[in-house]
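Asks: Next up is a structure, given as structure tokens.
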Amino acid sequence: MLWHFLKKYPTGVKTDMKLSKKHIFLAIAAVIIAGGLIFYLTVKKGESEKIGGETFTAKKGSVTYFTEQTGIIKARVGAIVKVGTRATGTLTHLKYQVGDYVKKGELIAKIDDRETLANVRNAEAVIEEQKRDLESKDAQYAYAKLNYEREARLLEKEFTAKDSVDKAKRELDVALAQVQLGKAKVKEALEKLKTLEVSLSYTKIYAPMSGYVSTVSTQEGETVVSGLSAAILITIIDPSKLEMWIYVDETDIGRTKPGVKVEYWVDTYRDKRFTGKIDMIYPQPEIKDNIVYYLAIVKIDPKDAALLRPEMTTHVRIIVEEKTNVLVIPNNAVRFEEGKNVVYINKGKAKPERRAVTLGIRDDVFTEIVSGITEGERIVIPVVKKAQPKSAPGVKK
């Protein structure tokens with residue numbers, strides 16, 4: 001029968017067979033494409049982040065918004081004093097060395113003062129001589145005055161000539177001039193003595209403030225020569241007078257103002273936090289590596305200064321804004337999807353509910369939620385899960 005059928009329909013069967021093969025090919029291609037699409041979507045889904053993990057109950061808390069900057073510990077103006085002398089001579093006494101603590105008013109050094117002291121004594125002797133000469137001239141003046149007055153009374157009674165009165169007047173004027181000259185000499189000698197006493201004071205150097213000796217520029221027995229400026233003997237630093245220079249980036253300077261609180265720490269005390277307030281901001285910018293910075297100054301509390309040292313690098317947080325009793329959730333609970341900030345709410349269902357929220361300020365732990373959720377709702381903290389890469393052919397996992 002089959003032979004009769006093929007003999008009867010020789011071309012029709014071939015055509016039907018060709019159509020069947022074509023349909024089978026299209027079906028196989030469709031299956032391959034569908035399988036590839038399913039595989040692609042499965043892999044992409046595995047590579048994408050999946051919602052799941054721990055939950056956090058939205059609660060009221062505090063949030064501190066800050067900017068992070070870098071600073072340097074510096075000595076304030078007046079914290080470092082270079083102590084010198086304007087006297088010339090041999091250094092006969094130097095009590096302190098580097099690292100010694102000096103109290104304000106203590107004698108630091110002494111320079112040979114024998115020559116200056118001799119000049120002072122000579123000036124004192126000259127003053128005594130000038131005073132005695134002035135006393136003699138005062139006596140002559142007093143006598144000349146009495147003689148002139150007597151001659152004037154005699155002239156009124158016509159018991160003497162007018163020439164005698166004129167002579168007495170000239171003698172009085174000369175005596176007065178001698179007295180004035182004597183007083184001028186005494187004054188000049190006193191001023192010279194004061195100058196010598198000042199020079200004598202230069203030979204004894206006292207500490208202008210309390211602090212530690214940081215450098216010693218000379219030693220006992222050396223000759224100190226004073227020129228146009230004072231010769232430096234030692235340098236004293238007051239460790240309690242420190243300040244911090246904060247280099248604030250130009251993008252953050254608009255939120256940085258005097259009075260703003262700062263928190264900072266140094267590498268040597270990483271677990272200790274220091275606090276302060278910005279005292280002033282320099283208007284003149286500083287450019288480093290083509291980046292514009294503005295210098296903010298923070299005065300350091302003397303208690304904190306006892307632990308810090310000049311030129312230490314500080315890690316600074318400038319507290320821009322602080323809020324208390326606001327609704328907060330962890331930072332990693334907030335996601336940005338389709339142009340919106342969203343969180344996922346655990347409602348006890350298999351799939352968390354996605355909800356858009358309005359954010360406030362944030363710190364390194366929490367984010368303020370202005371609207372979108374209420375206190376007590378359970379927020380899902382997303383966990384990133386990625387598909388495991390497949391092993392290469394012939395390689396066991």
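The values are calculated or read from the model by the stated rules, or taken from the named source; none is laboratory data. On a predicted model such as this, the values are computed, not experimentally measured, just so you know. When we count neighbours, we look across all protein chains shown, and the Cβ atoms used for this are built from the backbone with ideal geometry, even at glycine. Side chains included, ligands, DNA and RNA excluded: accessible areas come from the protein's heavy atoms. Shrake-Rupley method; radii C 1.70, N 1.55, O 1.52, S 1.80 Å.
Asks: How do the pairs read when you match residues in region 114-141 that are closer than 9 Å to ALA189 by Cβ with residues anywhere that are open to solvent by 90 Å² or more (accessible area, probe 1.4 Å) and assigned to a helix (DSSP H, G or I), using Cβ under 6 Å and keeping only pairs 6 or more apart or on different chains?
Replies: Hits for this filter: ALA123/LYS192.
Residue-wise test of (1) under 52 Å from the mean Cα position of the chain (by Cα); (2) part of a strand (DSSP E or B); (3) closer than 30 Å to SER217 by Cβ.
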{"position": "GLY78", "(1), (2), (3)": "yes, no, yes"}
{"position": "VAL81", "(1), (2), (3)": "yes, yes, yes"}
{"position": "VAL98", "(1), (2), (3)": "yes, no, yes"}
{"position": "GLU124", "(1), (2), (3)": "no, no, no"}
{"position": "LYS137", "(1), (2), (3)": "no, no, no"}
{"position": "GLU151", "(1), (2), (3)": "no, no, no"}
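Asks: Give the residue that is nearest to LEU308 (Cα to Cα), with candidates limited to residues of region 219-268 that are outside any loop (DSSP other than H, G, I, E, B) and open to solvent by 80 Å² or more (accessible area, probe 1.4 Å).
Replies: Our first condition is that a residue be outside any loop (DSSP other than H, G, I, E, B); within region 219-268, this holds for 223-224, 231-237, 242-249, 253-255, 261-266.
Within this subset, residues satisfying the condition of being open to solvent by 80 Å² or more (accessible area, probe 1.4 Å) are 223, 255, 261.
Working: THR223: 37, ARG255: 27, LYS261: 19 Å.
The selected residue is LYS261.
Asks: Can you run down the residue pairs with Cβ atoms below 9 Å, 6 or more apart or on separate chains, where the first is in region 181-203 and within 30 Å of LEU233 (Cα to Cα) and the partner is in a helix (DSSP H, G or I) and open to solvent by 90 Å² or more (accessible area, probe 1.4 Å)?
Replies: Note: pairs meeting the criteria are LEU196/ASN122.
Asks: Which condition number does ALA168 fail, the rest of (1) of a type outside the set (Val, Ile, Thr); (2) assigned to a helix (DSSP H, G or I); (3) open to solvent by 60 Å² or more (accessible area, probe 1.4 Å); (4) farther than 30 Å from SER226 by Cβ being met?
Replies: Here ALA168 clears every test but (3).
Asks: Kindly establish whether LEU308 is open to solvent by less than 80 Å² (accessible area, probe 1.4 Å), touching a helix residue (DSSP H, G or I) at 6+ places or on another chain (Cβ under 7 Å) and either at pLDDT 90 or above or of a type in the set (A, V, I, L, M) (or both). Let's see the steps before the verdict.
Replies: Details: open to solvent by less than 80 Å² (accessible area, probe 1.4 Å): yes; touching a helix residue (DSSP H, G or I) at 6+ places or on another chain (Cβ under 7 Å): no; either at pLDDT 90 or above or of a type in the set (A, V, I, L, M) (or both): yes.
So LEU308 fails the test.
Asks: Which of the residues spanning region 269-286 are open to solvent by 80 Å² or more (accessible area, probe 1.4 Å), in a loop (DSSP other than H, G, I, E, B) and either in contact with a Pro (Cβ under 9 Å, 6 or more places away or on another chain) or not aromatic (Phe, Trp, Tyr) (or both)?
Replies: Answer for region 269-286, where residues must be open to solvent by 80 Å² or more (accessible area, probe 1.4 Å), in a loop (DSSP other than H, G, I, E, B) and either in contact with a Pro (Cβ under 9 Å, 6 or more places away or on another chain) or not aromatic (Phe, Trp, Tyr) (or both): PRO283, GLN284.
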